[in-house]
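I have placed the structure first, in the form of structure tokens, so that the comments after it can refer back to it.
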Amino acid sequence: MKFCKFVSVHIVVVLVTVFAGTVMANDPVPPAETLEGAFKPQRHFSPYAGRNFPDQVYFGDTHLHTGMSMDAGAFGARLQPEDAYRFARGEELVSSTGLKVRLSRPLDFLVVADHSDNMGFFPRLFAGDPAMLADATGKRWYDMVQKGGQQGVKAALEVISSFSQNKFPPALASLPGSQAYRSAWETAVKAADKYNDPGKFTAFIGYEWTSNTNGNNLHRVVIFREGGNKASMVEPYTTLKPLGSDDPRDLWKWLEAYEQKTGGRILALAHNGNLSNGIMFPMVDSFTGKPLDRTYAKTRMRWEPLYEVTQIKGDGETHPFLSPNDEFADYETWDKGNLDLSVPKAKEMLQYEYAREALKIGLALEQKTGVNPYKFGMVGSADSHTALATAQEDNFFGKHSGTEPGSKRWEHAVGCFGSNCIIGWEQASSGYAAVWATENTREAIWDAMKRKETYATTGSRMIVRFFGGYGFRPEHARSRTPATIGYQLGVTMGGDLLKAPAGKAPTFLVAALKDPLGGNLDRIQIVKGWIDAKGKRQEKVYDVVWAGDRKAGADGKLPPVGSTVDVANATWTNTIGAPELITVWKDPDFDPKLRAFYYVRVIEIPTPRWTAYDAARFKVKMDKTVPMTTTERAYTSPIWYTP
């Protein structure tokens, strides 16, 4: 075996230097040929040398609001984009309600994604802009916000409701092209550029496009790859006609126009299908009434490579109605209605709202049109409206500033629309985006998002690897550097497996390492979805590796790992579970003729939920209906099989 040229040359230089410094001055330096013979080279003795694949996972939040958002400001957020980046970098801040707050560990990246609609509206309202106070509704909202507390929350809900129902007062609107709007966008862009520190912390420029017609959530976060030199050439796209549109097709046209105008790159990711009332992942376009076609599918996948599968307003992987045989399906479920609760949820809506079912629908549409519109990777993020990216259970600062820590927040409403309410304890302390990238820069992390080499967590910082191919063997699970084997023999999360060789079934190398501050691992599961020979959507969850010596029962289910949670003291012990799990798994039910996808779900042992921490710290007793434990988890981007 031979060293690569770079390594062998450097070995020679080092050895010549050593000899020159130790032999007598009149002794000749040995020729290079003799040194090469004495020390036979081998290719990359160091397993870490010459790596050309992503060897670092970066954790961040792709969806955070500050006081610049019209609703966040009304809820009481006073922190601005600069504060959000400082906090994510690890600085200690004082929250909008006067509480000291700091992350347990800094994040690696952050997207401040304030709402594009009415950007700059709230700072003007809060400052008492005479033009706003001249409007009766503006004056009333101003008075409510100045009173603060629940009056401020009520004002925020009125703002959301009026916007959702297309009743927002035109005199109060902050529109693209106005000085107020331009100033707000410049504030966002300058803050990101100021705190972006390549190699140490990535501050992305972004915004949220807030399509919410009739209260049905179709929101997208838009993320720019480059800095202010390109992003400042445009102003964000809104939903307010005639300058904007609530149709995602028009957003995609704007994204394309941005790239053509600036030469930059840009992407969008949707979230909260669970609040869309059946229109996030449709088979029939809710705007045209026509079945989705090839053009729609290609365009959606060009601009939307990712989906935010978990956040404060509920987990969106699957629903117990859709996955009745999945004992982990009912996790932080929000299914009361659409975003403003103006229309209650019907069961027939659910299949078009959750990620797992959407991935299956994508396979079915690909079978019909030749293109899969729902071939997305997964991330998690907070969607917090406090400027604080807190997703760790023991450090949860709530959805908005009206739900920051306090003894009664568990029973207070997060928001009420008429008589329909979301109660404080229903908030999920979730989530984060994990990205496998070559370095901590805008370009590297954005590129990894685009290729879907990502996974979602509900707040944990566990490390997860997932590779698929046709050549993984059980002994590969004994490697301490599984990624080296994974990239050599297969594709990673977000990738594609082409038609299987004759007689071969896909094999998968999967590994997970616990969060150093979190719970041990219970199990790793592989979730498979496929379209059967009759055209029906199917799914199955496989336990592929787990902690302890548990055995599956007659029903094929693995027994629970147990629990060590001390609810009264909000603590637990890692005396069950495992710090790491790794295996190679082969699909035992593979049919090479059928389209399929596979993704990994990693489950931690039970740990205290944020409500348990609140109960212990504030010494309050909560209702028995309030959950006190959680099982943190991760969802990887899928690997797709196409025959």
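The values are calculated or read from the model by the stated rules, or taken from the named source; none is laboratory data. On a predicted model such as this, the values are computed, not experimentally measured, just so you know. Cβ placement follows ideal geometry from the backbone for every residue including glycine, while neighbour counts extend to all protein chains displayed. Only protein heavy atoms, including side chains, enter the accessible area calculation; ligands, DNA and RNA are left aside. Shrake-Rupley method; radii C 1.70, N 1.55, O 1.52, S 1.80 Å.
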For segment 502-524, indicate whether the set of residues that are closer than 23 Å to Phe466 by Cα, open to solvent by 70 Å² or more (accessible area, probe 1.4 Å), part of a strand (DSSP E or B) and not aromatic (Phe, Trp, Tyr) is non-empty.
-> yes
Can you name every residue in segment 250-308 that is charged (D, E, K, R), assigned to a helix (DSSP H, G or I) and crowded, with 21+ Cβ neighbours inside 10 Å?
-> Arg300
Given the conditions (1) at pLDDT 95 or above; (2) of a type in the set (A, V, I, L, M); (3) under 15 Å from Thr642 (Cα atoms); (4) out of contact with any Ser or Thr (no Cβ under 8 Å at 6 or more places or on another chain), every one holds for Ala500 apart from (1)
If we ask which residues in segment 235-249 are charged (D, E, K, R) and under 24 Å from the mean Cα position of the chain (by Cα), their number turns out to be 3
Conditions (1) surrounded by fewer than 22 Cβ atoms within 10 Å (Cβ to Cβ); (2) touching a helix residue (DSSP H, G or I) at 6+ places or on another chain (Cβ under 6 Å); (3) among the aliphatic types (A, V, I, L, M): number failed by Ala612 | (1)
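Return the only residue of Val101, Val153 being modelled with pLDDT of 85 or more, of a type in the set (Val, Ile, Thr) and closer than 24 Å to His63 by Cβ. If you could, list the steps in order and put the result at the bottom.
Values: Val153 fails: modelled with pLDDT of 85 or more.
Of the residues listed, the single one that is modelled with pLDDT of 85 or more, of a type in the set (Val, Ile, Thr) and closer than 24 Å to His63 by Cβ is Val101.
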Residue among Glu317, Glu327 that is open to solvent by less than 10 Å² (accessible area, probe 1.4 Å), part of a loop (DSSP other than H, G, I, E, B) and over 19 Å from Asp247 (Cα atoms) = Glu317
Filter segment 172-218 for residues that are within 11 Å of Ser116 (Cα to Cα) and of a type in the set (Phe, Trp, Tyr) and give the result.
-> Tyr181, Trp185, Tyr207, Trp209
Which listed residue, of Ala448, Ala437, Ala413, Ala433, is open to solvent by less than 10 Å² (accessible area, probe 1.4 Å), of a type in the set (A, V, I, L, M, F, W, C) and either within 23 Å of Thr66 (Cβ to Cβ) or in contact with a His (Cβ under 7 Å, 6 or more places away or on another chain) (or both) = Ala433
Among Asp543, Asp589, which is the only one that is surrounded by fewer than 21 Cβ atoms within 10 Å (Cβ to Cβ) and assigned to a loop (DSSP other than H, G, I, E, B)?
-> Asp589
Taking the stated definitions as given, is Ser69 free of Cβ contacts under 8 Å to residues at least 12 places away in the same chain, of a type in the set (Ser, Thr, Tyr) and at negative phi?
-> no
Cβ pairs under 6 Å, 6+ apart, first in segment 246-258 and over 11 Å from Trp209 (Cβ atoms) and among the aromatic types (Phe, Trp, Tyr), second modelled with pLDDT of 95 or more and open to solvent by less than 10 Å² (accessible area, probe 1.4 Å) | Tyr258/Ile266
Can you name the condition, by its number, that Pro242 falls short on among (1) surrounded by fewer than 17 Cβ atoms within 10 Å (Cβ to Cβ); (2) under 25 Å from Ala84 (Cα atoms); (3) out of contact with any Lys or Arg (no Cβ under 9 Å at 6 or more places or on another chain)?
-> (2)
Which one of these is under 21 Å from the mean Cα position of the chain (by Cα) and open to solvent by less than 40 Å² (accessible area, probe 1.4 Å): Leu359, Leu322, Leu341?
-> Leu359
Answer yes or no: is there a residue in segment 157-169 that is closer than 26 Å to Tyr85 by Cα and among the basic types (Lys, Arg).
-> no
Within segment 450-458, is there a residue that is out of contact with any Lys or Arg (no Cβ under 9 Å at 6 or more places or on another chain), farther than 20 Å from Pro305 by Cα and among the charged types (D, E, K, R)?
-> no
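Taking strands (runs of 3 or more DSSP E) that fall entirely within segment 401-478, which contain at least 2 residues that are in contact (Cβ under 8 Å) with a residue 24 or more places away in the chain and touching a Leu at 6+ places or on another chain (Cβ under 9 Å)? So that I can check it myself, show each step before the final result.
Details: elements: 413-417, 420-423, 432-437, 454-457, 463-469.
Qualifying strands (runs of 3 or more DSSP E): 413-417, 420-423, 432-437, 463-469.
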